[in-house]
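The values are calculated or read from the model by the stated rules, or taken from the named source; none is laboratory data. Just so it is clear, the model here is predicted, and its values are computed rather than measured. Cβ: placed from backbone, ideal geometry, glycine included. Neighbour counts: every protein chain shown.
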Amino acid sequence: MPKIEEIDVHQLKEIIEANEDDYILIDVREVEEYKAAHIKGAVLLPLSTFVSEAVPHNPDKKIIFHCRRGGRSEKACIIGFDSHPEATFYNVVGGMDGWIEAGYPIIE
């Protein structure tokens, strides 16, 4: 069973502000969505071409997935588990929509 922890956009903001080297943020939306708006430092790995081996893994870092609302990123967590069964993955519930709604900064 994959280890997936759900976090909201406010918790993600806290993680980002706490330590820039403590996490890897993976955006699983499509290229067009990413180009329109993304979170600074997010790595783009679209779910449509996603393979578990592409997940950067460092046991000292939180692996955090986000998408538009949280559905695709949850799927990415499950897929990522195939290559990293020992890892805990974090799914951002609310995703980019929640991030923007909260007024947090984006790259356009």
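Of all residues in segment 22-46, count the ones that are aliphatic (A, V, I, L, M) and over 20 Å from Ile79 (Cα atoms). Don't jump to the end; show me each part of the working.
To start, the set of residues in segment 22-46 that are aliphatic (A, V, I, L, M) comprises 24-26, 28, 31, 36-37, 39, 42-45.
If we keep only those that are over 20 Å from Ile79 (Cα atoms) too, we end up with 36-37, 39.
Total meeting the criteria: 3.
Among Asp22, Asp97, which is out of contact with any Pro (no Cβ under 9 Å at 6 or more places or on another chain), acidic (Asp, Glu) and at pLDDT 95 or above?
Working: Asp22 fails: at pLDDT 95 or above.
When all the criteria are applied, what remains is Asp97.
Considering only residues that are touching a residue at least 24 places away in the same chain (Cβ under 8 Å), out of contact with any Ser or Thr (no Cβ under 8 Å at 6 or more places or on another chain) and either closer than 13 Å to Gly80 by Cβ or crowded, with 18+ Cβ neighbours inside 10 Å (or both), which ones fall in segment 27-46?
Filtering segment 27-46 down to residues touching a residue at least 24 places away in the same chain (Cβ under 8 Å) leaves 27-29, 33, 36-42, 45.
Among the residues that remain, those that are also out of contact with any Ser or Thr (no Cβ under 8 Å at 6 or more places or on another chain) are: 27, 29, 33, 36-42, 45.
Hits for segment 27-46 are Asp27, Arg29, His38, Ile39, Ala42, Leu45.
Please identify the pairs in which a residue from segment 6-18 that is in contact (Cβ under 8 Å) with a residue 12 or more places away in the chain has its Cβ atom under 7 Å from the Cβ atom of a residue that is loosely packed, with under 14 Cβ neighbours inside 10 Å, counting only partners at least 6 apart or on another chain.
Sorted first by the residue in segment 6-18, then by its partner, the pairs are Val9/Ala102; His10/Ala102; Ile15/Asp22.
Restricting attention to segment 34-43, report how many residues are among the aliphatic types (A, V, I, L, M) and more than 14 Å from Gly95 (Cα to Cα). Lay out the reasoning, then the answer.
Initially, segment 34-43 is screened for residues among the aliphatic types (A, V, I, L, M), giving 36-37, 39, 42-43.
With more than 14 Å from Gly95 (Cα to Cα) added as a condition, the list becomes 36, 43.
Total satisfying the criteria: 2.
What's the total number of residues in segment 58-88 that are of a type in the set (S, T, N, Q) and surrounded by 15 or more Cβ atoms within 10 Å (Cβ to Cβ)?
Within segment 58-88, the first condition is being of a type in the set (S, T, N, Q), and the residues that meet it are 58, 73, 83, 88.
Of the ones still in play, those that are also surrounded by 15 or more Cβ atoms within 10 Å (Cβ to Cβ) are 73.
Number of matching residues: 1.
Return the residues of segment 33-69 that are among the hydrophobic types (A, V, I, L, M, F, W, C), under 13 Å from the mean Cα position of the chain (by Cα) and not in a loop (DSSP other than H, G, I, E, B); say none if nothing qualifies.
Result: Val43, Leu44, Leu47, Ile63, Ile64, Phe65.
How many residues are within 17 Å of Glu5 (Cα to Cα) and either surrounded by fewer than 20 Cβ atoms within 10 Å (Cβ to Cβ) or of a type in the set (Asp, Glu) (or both) when one looks only at segment 47-57? First the steps, then the outcome.
Of segment 47-57, the ones within 17 Å of Glu5 (Cα to Cα) are 55, 57.
Then drop every residue that is not either surrounded by fewer than 20 Cβ atoms within 10 Å (Cβ to Cβ) or of a type in the set (Asp, Glu) (or both), which leaves 57.
So the answer is 1.
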